[in-house]
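**Q** Sharing a structure, written as structure tokens. Questions coming.
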Amino acid sequence: MQMNHEEAPVLDALAAYHKRDELGFSPPGHKQARGAAPEVRAVLGDAVFLGDVLASGGLDERRMKSRVLQRAEDLMADAVHADHAFFSTCGSSLSVKAAMLSVASHGEKILVGRDAHKSVISGLILSGVEPVWIEPRWDAERHLAHPPSAADFEKAFSEHPDAKGALVTSPTPYGSTADLRAIADICHARSRPLVVDEAWGAHLPFHPDLPTWAMDAGADVCVTSIHKMGSGLEQGSVFHLQGDLIDHDTLASRADLLGTTSPSVLLYAGIDGWRRQMMLDGHALMSRALDLAGSVRRQIEEIDGMHVNDRADFCGPGAATGFDPLPVVIDIGELGVTGYRAADWLRGQHQVDAHLMDHRRISAQLTHADDGATTGRLLTALRDFARRAPSLPRGPEVAVPAPSELRMTQVRLPRDAYFAPTQDVPVEEAAGRISAEMVTPYPPGIPAVLPGEQLTEPVLRYLRSGLAAGMNLPDPADPELNTVRVCAE
């Protein structure tokens, strides 16, 4: 059936709500901004509160007879070539957990790329699913991970034929992508589903010059963050389903189990509006973004001491399959300053915030919202930084382990270690002990340490030296990592 993508059911219903001048004696308690503090209204604006209505008994009637959300989800599914779409106002962190719980249950196995986001690990802890880790493809020269290869998934299925499915992250936060078609074929040859954490890929369906969209590559479920590369608000996420290897009602039930009973209509509206925007103007918007990214990349490459990683750096045998040019990843190793120090300087001196930063890189994420004015300010800041970098304090170096030293042995299941009796030990005494917590450099949010892994000196040294250099570790019990939470002996 032909769908009308000029329609935006959530936005239209919100406009109708206000036109009818409905008066709610129900949550939210601010009552269309009237009860909000003047100081709050001055900062946020009344539009935020006017868009904040109940989904059931506000936006739609109490039994959802108008199917406002369902019609918006149907339009999204049609837009991105999926059978079904589910809106989430709890971010892709919830969406990926719901997908995992639809594939495997407590005690069952799932193949997971070890470069997964911490939300995937949280799903393993909550569910008791046993991960079979698939190693990323490591670039030892650049100290960077790309998604695992299809051959690695084939090998893992051969060794673990009882695995219920597979999960891969693509694109990575650095913009490199997996061979999703090949991985999907490997899964489907065994009648096993493939879940793709495509949080950084909401824009991919809307231009042929971008990497292949997971649904087009044959994935069974893919999870996208509309707020990352789209026009949605923070926490706006959609997960998409196709085929019959994952039951629709099971996936819906898992999402309901984890989700809120008070979803934000504001977030729904952002997701709905993004879909309409991209269906009407997406190709032109993405074409302009890609052209702009090409120009910005060329100009940054001309700055002494900076190199923009491109397809030749990230793709090829033993590396990534595809490449998204919109995350502009800048190697500043020649300047002798860490990405942490560079990001702090850019924010402090030019009020320019980097996307990612690590021991030798910063990343500037471009989207369809950028233009010559925003990128001009970025380029000015980068040129100024390159001029001043030689006079900046060098700071401590990060002791980045070789790939062979970075991975630790999983001794206990993440769930078992996380819920075990624990003790906090000095970091100097932690090597050899079993971690009971995640330790995650953020951004990008890929844990260096998982519950159940046996801690090693190289990884602890990497984290401690990273902290000294400016790394952010938000999740361990001791953010300064003077102590580490381990399983009690």
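**Q** Residues of the stretch 441-476 being touching an Asp or Glu at 6+ places or on another chain (Cβ under 8 Å) and part of a helix (DSSP H, G or I), which ones?
**A** Within the stretch 441-476, P458, V459, S465, L467, A469 meet the criteria.
**Q** If T409 meets every condition in (1) over 29 Å from L126 (Cα atoms); (2) open to solvent by 50 Å² or more (accessible area, probe 1.4 Å) apart from one, which number is that one?
**A** Among (1) over 29 Å from L126 (Cα atoms); (2) open to solvent by 50 Å² or more (accessible area, probe 1.4 Å), the lone unmet condition for T409 is (1).
**Q** Taking the stretch 140-154 as the search range and keeping residues that are closer than 21 Å to V308 by Cβ and in contact with a strand residue (DSSP E or B) (Cβ under 7 Å, 6 or more places away or on another chain), which one is surrounded by the fewest Cβ atoms within 10 Å (Cβ to Cβ)?
**A** Across the stretch 140-154, the extreme among qualifying residues is A145.
**Q** Name every residue in the stretch 428-444 that is in contact (Cβ under 8 Å) with a residue 40 or more places away in the chain, under 16 Å from E489 (Cα atoms) and of a type outside the set (D, E, K, R), in order of residue number.
**A** Across the stretch 428-444, the qualifying residues are A430, I434, S435, A436.
**Q** If you check A320 against the conditions, is it touching a residue at least 24 places away in the same chain (Cβ under 8 Å) and among the hydrophobic types (A, V, I, L, M, F, W, C)? Show your work before the answer.
**A** Working: touching a residue at least 24 places away in the same chain (Cβ under 8 Å): yes; among the hydrophobic types (A, V, I, L, M, F, W, C): yes.
Against the criterion (touching a residue at least 24 places away in the same chain (Cβ under 8 Å) and among the hydrophobic types (A, V, I, L, M, F, W, C)), A320 qualifies.
**Q** Could you identify the single residue in L467, L481 that is surrounded by 15 or more Cβ atoms within 10 Å (Cβ to Cβ), of a type in the set (A, V, I, L, M) and touching a residue at least 24 places away in the same chain (Cβ under 8 Å)?
**A** On the way: L467 fails: touching a residue at least 24 places away in the same chain (Cβ under 8 Å).
Among L467, L481, only L481 is surrounded by 15 or more Cβ atoms within 10 Å (Cβ to Cβ), of a type in the set (A, V, I, L, M) and touching a residue at least 24 places away in the same chain (Cβ under 8 Å).
**Q** Within the stretch 93-114, count every residue that is open to solvent by less than 10 Å² (accessible area, probe 1.4 Å) and closer than 17 Å to P444 by Cβ.
**A** 4
**Q** Separate question: Of the conditions (1) in contact with a helix residue (DSSP H, G or I) (Cβ under 8 Å, 6 or more places away or on another chain); (2) buried (at least 19 other Cβ atoms within 10 Å of the Cβ), P401 fails just one. Which one is it?
**A** Answer for P401: the failing condition is (2).
**Q** Hey, another quick one. Sort out which residues of the stretch 414-425 are open to solvent by 50 Å² or more (accessible area, probe 1.4 Å) and either outside any strand (DSSP E or B) or not hydroxyl-bearing (S, T, Y) (or both), and write them in order of number. Step through it out loud before you land on a result.
**A** In the first step, residues of the stretch 414-425 are kept if they are open to solvent by 50 Å² or more (accessible area, probe 1.4 Å); the result is 415-416, 418-419, 421-424.
Answer for the stretch 414-425, where residues must be open to solvent by 50 Å² or more (accessible area, probe 1.4 Å) and either outside any strand (DSSP E or B) or not hydroxyl-bearing (S, T, Y) (or both): R415, D416, Y418, F419, P421, Q423, D424.
**Q** Sort out which residues of the stretch 366-409 are free of Cβ contacts under 8 Å to residues at least 60 places away in the same chain, in contact with a Leu (Cβ under 9 Å, 6 or more places away or on another chain) and under 30 Å from I134 (Cα atoms), and write them in order of number.
**A** M408
Matching residues to (1) assigned to a helix (DSSP H, G or I); (2) at pLDDT 95 or above; (3) within 23 Å of M278 (Cβ to Cβ); (4) not charged (D, E, K, R):
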site: E39; (1), (2), (3), (4): yes, yes, no, no
site: A47; (1), (2), (3), (4): yes, no, yes, yes
site: R62; (1), (2), (3), (4): no, no, no, no
site: K65; (1), (2), (3), (4): no, no, no, no
site: R71; (1), (2), (3), (4): yes, yes, yes, no
site: L75; (1), (2), (3), (4): yes, yes, yes, yes
site: A82; (1), (2), (3), (4): no, yes, yes, yes
site: S95; (1), (2), (3), (4): yes, no, yes, yes
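**Q** Considering only the stretch 174-198, state which residues are over 14 Å from A320 (Cα atoms), open to solvent by 10 Å² or more (accessible area, probe 1.4 Å) and of a type in the set (A, V, I, L, M).
**A** Residues satisfying the conditions are I186, A189.
**Q** Quick one: is L366 open to solvent by 30 Å² or more (accessible area, probe 1.4 Å) and at pLDDT 95 or above? Walk me through it before giving the result.
**A** On the way: open to solvent by 30 Å² or more (accessible area, probe 1.4 Å): no; at pLDDT 95 or above: yes.
The answer is no for L366.
**Q** Among the residues of the stretch 7-25, which ones are open to solvent by 70 Å² or more (accessible area, probe 1.4 Å) and either touching an Asp or Glu at 6+ places or on another chain (Cβ under 6 Å) or in a helix (DSSP H, G or I) (or both)?
**A** D12, H18, K19
The values are calculated or read from the model by the stated rules, or taken from the named source; none is laboratory data. Remember, predicted model here, so these are calculated numbers, not experimental data. Glycine also receives a Cβ, built like all others from the backbone with ideal geometry; neighbour counts cover every protein chain displayed. Areas reflect the complete protein model, heavy atoms only, side chains present, ligands, DNA and RNA absent. Shrake-Rupley method; radii C 1.70, N 1.55, O 1.52, S 1.80 Å.
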